[in-house]
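Notes for the one structure printed next.
The values are calculated or read from the model by the stated rules, or taken from the named source; none is laboratory data. Since we're looking at a predicted model, the values are computed, not measured. All Cβ positions, glycine included, derive from the backbone under ideal geometry; neighbour counts span all protein chains shown.
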Amino acid sequence: MRELCDEAVSAALAAGASYADARIVSRRVQTVATRNRRVDRLDDVDSEGVGVRALVDGAWGFACDRRLSAEGARAAAARACAFAKAAPGGHRRALAPVAPAQGEYRTPVEKDPFEISLADKVEQCLRAEGAMEHEDVKVTSAFVRAQREHKAFVSSEGASVEQELVECGGGIDAMATRDGITQVRSHPSAHGGSSAQAGWEYVDSLALEREAPRVAEQAAALLRADACPSQITTIVVDAEQMELQVHESVGHPTELDRIYGTEAAYAGTSFLKPDDLGSLRYGSEHMNVTADPTTPGGLGTFAFDDEGVPARREPVVAEGILRGFLASRETAARIGSGSGGSMRADGWSRMPLVRMTNLHLEPGEGTLEELIAGVDDGVFLQTNKSWSIDDKRLNFQFGTQIAWEIKLGELGRMLRDATYTGQTPVFWGSLDAVAGPEEWRLHGLTNCGKGQPGQHAHVSHGTAPARFRNVQVGFRS
Amino acid sequence: MSEALELAERALRVAEGDEALAFVSSERSGLARFARSEVHQPTLIENEVVELQIVRDGRVGLAVANRTDEDGLRALAARAREAADSAPADPDFPGLAPKTEAPAVEGYDEATAQLSPEEQARLAAAAIDASDLDLYGFFTSALTELAIASSTGLAVSQAMTDACVFALAAVDGASGHSEQTSWRVGEIDPAEAARAAVAKAERTRGAIELEPGSYAAVLEPYAFAELLMYFAYDAFGALGLLEERSYAAGRLGEKVFDERLSVSDDGLDPRGLPKAFDFEGSPKQRVDLVENGVFRDVVWDRSTAKRAGGGRETTGHAPPSSLRRWGPLPFSLSVAGGEAGSAEELAQLVGDGIYVSRLHYLSIVNPREGVITGMTRDGTFRIRGGRIADPLVNLRFTVAMPELLAELPGLTREPVLVNEASYYDERYPNGVLVPAAATARFDVTGTGSTPGV
């Protein structure tokens, strides 16, 4: 693989590039999904190719070729350089210096997911579905996935690395319907379950079959639950929903490419400015957020990012103050700090972008029960159902699959159709407690979209349940 | 025979099964993405993907690869066979699509197919050069070829082109957007799009806040199209109907929308991005979804048609394999135009309300009730006295689509093709033909940031 990358980089330099890098990616993904006890999807997908990024007279060009041959590598390099030369604009791009990386990395795996037969994977889904049988549950679904990505990276500065990343995941959903009301419950997360960089032992740990009866019973119970009333109140948010809260209102706003406007037309920008670093109060003193591509099991875990920058744990928010951005070598050079380390591409046919790796809300102390015990009147919210946030990442609205009233420190009646909304720094400023390490969980999502052409990133967040005061639940009346 | 169909036939020949279907998708595209009036992420893609579906003893498996030499295809066939052998027999499998002729459609333009990277960059530059403000967006064009061959004798292929310029003119406190999409690059004027974006942006300076509440509104085609697409995922597909989880459940045949509203899905319409067949190889058909406010039908594929029984047949709306959980999807929505000559005329009909240019980050809050939330962006205005007036900050809205569509005081005459492809995964050009619309009810539930970057 690395020889072909060398070939591409040499061709790009010969075509006039001042800097070039090449990535070869070979990815295999198996997906098994069942729906109402039928196999809905049984796919085995292979994709391979080379992507070449070239900097010519300060302008980027990127091109790719599916042929893993010297001819394909050279063709991609030539086209990347030609596109760079054609690009309009007064280009002046610099890259933060970084020592040329050399090395290899492989996800530690106990059970190779591709050694588990597809038939066993189907059986695992059908068993979980069978355990969701309930008279009000009209649709059940289960899915498991396995991915192996082997990639090599070579740059004209001498970086040469090879990594093999293995992911597994799964999830179940139950949809109940009665009298014109439809409700859904999921485990361990909605919108595609949860994944981790690990072997099949991770899927086993999700206990899909064991959790299935609870999921079905809660979906059915929601049909008879009261709608969550609109109010300004205290909320306790479970760890899974906190994953998305961190993702949308901390992860994306701290991406330095968004702050510099390069995502303005699509994903949006950020309410943060480069000068906010080190001074902006993002939230209360309980808010500590860390970017950590070294987290075991994280979907954003690697030894080197897609620019060859070594993985390093770094603070993003410490005691409520903004302390770091997610950066590339280019944006790091522009802000004059760090060396990047958050550049990731979706496969071989996309240009690397600044992406989250693993972004964690650090734990505080105490249990979920203790968080709830500190609430006289409020709502406990669990499992994401809907999500939306504005283009500067300020105004958000989340819906959850299920909620419970909190009265005098204890959970009360179940509530359906709960939503909450806020403005990012105001909301985080109202954070008054995060549960402790014993409640902290790592969640992995595989549907983070960004870029044009679009790219999916796989990202993990470690979070614990958290409590926020004076939050708008439902809609302002 | 096209190269894509030839590849599909080659894949079919190495398949070992009772039945087999090979689907090929090839892409040659360029996207010159720019920010602050400078191309910063130019991407050229060349790829060719083969999906092989094999049926053995009623068991169905699928494998996908982009290695298309003989060894690659044999490996693909072996994996598809293993997948099929791993599945339990599926008594509900509708079988592969029979041999049919795909309808003749437009949608291919030689000039668009032949655009070089240099020309794609030049068209991006034409937009940038025409803008007095910092410009963000892209120019893209592509040649995409789809082909399906199956053991039932099906052999269909289509070459399609698409081109799109997207222009966001933005500075601190002001932003405006415009875009143009066509399968003929000659119909795209990047400079005109840029100038329209700048003109809109200039009107957004000094945006003020608005109290949440229910307002009458004018929705530009970009905003109306996106709301309709999010509603359509569940409401206009047969799976949501059969599973009783969509707004369509129990409402077919009822008048539930304003009588001015007629919606179809028409992949054959040359004004859109035409398609000859779906991902099962079934011919595309026009489906009247809403006629004068009456909810008439949803779109179907072979699986949902078999499940429904009663002689129901596919309408040619099978989704790609990766989206199968959604069931059949309307990729070519088309809303009939009304009588208004312009969005400004719609503002006169509204009298007092808000004007919405474009939306951001929609999410389905309640699929059964068609409740959608999101933000407005790049041009939200107050309408006072029938005129588009003060610029507004970006607004959070949470709307029940049936309520929004229940009273439509007017629609503009000429539908506009709005691009709905975000170019994730393999390229599949698609868009919505939609006019601007006035609605009596658009629920604002919060406020966000000012326009601009």
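Quick notes
- Scanning the range A:55-76 for residues that are more than 10 Å from chain B (Cβ to nearest Cβ) and not in a loop (DSSP other than H, G, I, E, B) turns up A:Leu55, A:Val56, A:Ala70, A:Glu71, A:Ala73, A:Arg74.
- For the range A:307-333, a residue qualifies if it is over 27 Å from B:His40 (Cα atoms) and of a type in the set (Val, Ile, Thr), and the qualifying residues are A:Val317, A:Ile321.
- Filtered by the rule that a residue be part of a helix (DSSP H, G or I), of a type outside the set (Phe, Trp, Tyr) and either in the same structural domain as A:His443 (by TED's automatic domain parsing) or crowded, with 22+ Cβ neighbours inside 10 Å (or both), the range A:167-207 gives a lone residue, A:Val203.
- In the range B:280-307, residue surrounded by the fewest Cβ atoms within 10 Å (Cβ to Cβ) [restricted to those that are in contact with a helix residue (DSSP H, G or I) (Cβ under 8 Å, 6 or more places away or on another chain) and over 22 Å from B:Phe231 (Cα atoms)]: B:Arg307
- Qualifying residue in the range A:345-362 (condition: farther than 20 Å from A:Leu244 by Cβ, surrounded by fewer than 20 Cβ atoms within 10 Å (Cβ to Cβ) and away from chain B (no Cβ under 14 Å)): no
- Tallying residues that are polar (S, T, N, Q) and more than 26 Å from B:Pro274 (Cα to Cα) within the range B:298-319 yields 0.
- Residue, farthest from the other protein chains (Cβ to nearest Cβ), within the range B:192-223, restricted to residues that are among the aliphatic types (A, V, I, L, M) and under 24 Å from the mean Cα position of the chain (by Cα): B:Val218
- Filtered residues of the range A:316-337 (kept if crowded, with 22+ Cβ neighbours inside 10 Å and either modelled with pLDDT under 95 or assigned to a loop (DSSP other than H, G, I, E, B) (or both)): A:Phe325, A:Ala327, A:Ser328
- Among the candidates A:Asp44, A:Asp57, the residue that is in the same structural domain as A:Arg127 (by TED's automatic domain parsing), surrounded by fewer than 24 Cβ atoms within 10 Å (Cβ to Cβ) and over 22 Å from A:Gln452 (Cα atoms) is uniquely A:Asp57.
- Residue match in the range B:377-387 (condition: among the charged types (D, E, K, R) and either touching a Cys at 6+ places or on another chain (Cβ under 7 Å) or free of Cβ contacts under 8 Å to residues at least 60 places away in the same chain (or both)): yes
- Members of the range B:231-251 found to be in contact (Cβ under 8 Å) with a residue 60 or more places away in the chain and part of a loop (DSSP other than H, G, I, E, B), listed by number: B:Phe236, B:Arg245, B:Ser246, B:Tyr247, B:Ala249
- Hits in the range A:304-315 - residues which are in a loop (DSSP other than H, G, I, E, B) and on the phi < 0 side of the Ramachandran plot: A:Asp305, A:Asp306, A:Glu307, A:Val309, A:Ala311, A:Arg312, A:Arg313
- Matching residues, the range A:136-154, being more than 22 Å from the chain's Cα centre (by Cα), more than 14 Å from chain B (Cβ to nearest Cβ) and of a type outside the set (Val, Ile, Thr): A:Ala152, A:Phe153
- The one condition in (1) more than 22 Å from A:Gln423 (Cβ to Cβ); (2) under 26 Å from the mean Cα position of the chain (by Cα) that B:Phe397 fails to fulfil: (1)
Conditions tested, residue by residue: (1) in a helix (DSSP H, G or I); (2) farther than 28 Å from A:Glu330 by Cα.
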| site | (1), (2) |
| --- | --- |
| A:Ala84 | yes, no |
| A:His91 | no, no |
| A:Glu104 | no, no |
| A:Ile116 | no, yes |
| A:Ala119 | yes, yes |
| A:Gln124 | yes, yes |
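- Count of the range A:136-171 residues which are among the aliphatic types (A, V, I, L, M) and closer than 26 Å to A:Arg38 by Cβ: 5
- Taking the range A:14-41 as the range and being of a type in the set (Gly, Ala, Ser) and surrounded by fewer than 19 Cβ atoms within 10 Å (Cβ to Cβ) as the test, the residues that pass are A:Ala14, A:Gly16, A:Ser18.
- Meets criteria (within 30 Å of A:Arg127 (Cβ to Cβ), within 7 Å of another protein chain (Cβ to nearest Cβ) and more than 28 Å from the chain's Cα centre (by Cα)) for A:Arg79: no
- B:Gly327 being within 14 Å of another protein chain (Cβ to nearest Cβ), in contact with a helix residue (DSSP H, G or I) (Cβ under 9 Å, 6 or more places away or on another chain) and within 23 Å of B:Ala196 (Cβ to Cβ): no
- Close pairs (8 angstrom Cβ cut-off, 6 or more residues apart or separate chains): at positive phi in the range B:271-288, small (Gly, Ala, Ser) and part of a strand (DSSP E or B) anywhere: B:Gly281/B:Ser150
Every residue, every condition in (1) within 9 Å of chain A (Cβ to nearest Cβ); (2) under 29 Å from B:Arg195 (Cβ atoms); (3) at pLDDT 95 or above, yes or no:
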residue: B:Arg122; (1), (2), (3): yes, yes, yes
residue: B:Leu133; (1), (2), (3): no, yes, yes
residue: B:Tyr136; (1), (2), (3): yes, yes, yes
residue: B:Glu145; (1), (2), (3): no, no, yes
residue: B:Ser151; (1), (2), (3): no, no, yes
residue: B:Ala155; (1), (2), (3): no, no, yes
residue: B:Ala163; (1), (2), (3): no, yes, yes
residue: B:Ala169; (1), (2), (3): no, yes, yes
residue: B:Gly173; (1), (2), (3): no, yes, yes
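- So B:Val434, is it more than 14 Å from chain A (Cβ to nearest Cβ) and touching a Phe, Trp or Tyr at 6+ places or on another chain (Cβ under 6 Å): yes
- Counting only strands (runs of 3 or more DSSP E) wholly contained in the range B:1-100, the ones carrying 1 or more residues that are more than 9 Å from chain A (Cβ to nearest Cβ) and either within 28 Å of B:Ala142 (Cβ to Cβ) or among the β-branched types (Val, Ile, Thr) (or both) occupy B:19-35, B:38-56.
- Scanning the range A:208-259 for residues that are outside any helix (DSSP H, G or I) and among the hydroxyl-bearing types (Ser, Thr, Tyr) yields A:Ser230, A:Thr233, A:Thr234.
- Residue in the range A:96-119 that is farthest from A:Trp348 (Cα to Cα), counting only those that are within 14 Å of chain B (Cβ to nearest Cβ) and touching a helix residue (DSSP H, G or I) at 6+ places or on another chain (Cβ under 6 Å): A:Ala119
For (1) within 23 Å of the chain's Cα centre (by Cα); (2) within 11 Å of chain A (Cβ to nearest Cβ); (3) among the hydrophobic types (A, V, I, L, M, F, W, C); (4) in a strand (DSSP E or B), each residue gets a yes or a no:
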{"site": "B:Gly337", "(1), (2), (3), (4)": "yes, no, no, no"}
{"site": "B:Glu344", "(1), (2), (3), (4)": "no, no, no, no"}
{"site": "B:Ile354", "(1), (2), (3), (4)": "no, no, yes, yes"}
{"site": "B:Glu369", "(1), (2), (3), (4)": "yes, yes, no, no"}
{"site": "B:Gly374", "(1), (2), (3), (4)": "yes, yes, no, yes"}
{"site": "B:Ala389", "(1), (2), (3), (4)": "no, no, yes, yes"}
{"site": "B:Glu407", "(1), (2), (3), (4)": "no, no, no, no"}
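- Of the residues screened, A:Met356 is one that is touching a helix residue (DSSP H, G or I) at 6+ places or on another chain (Cβ under 6 Å), closer than 30 Å to B:Val49 by Cα and part of a loop (DSSP other than H, G, I, E, B).
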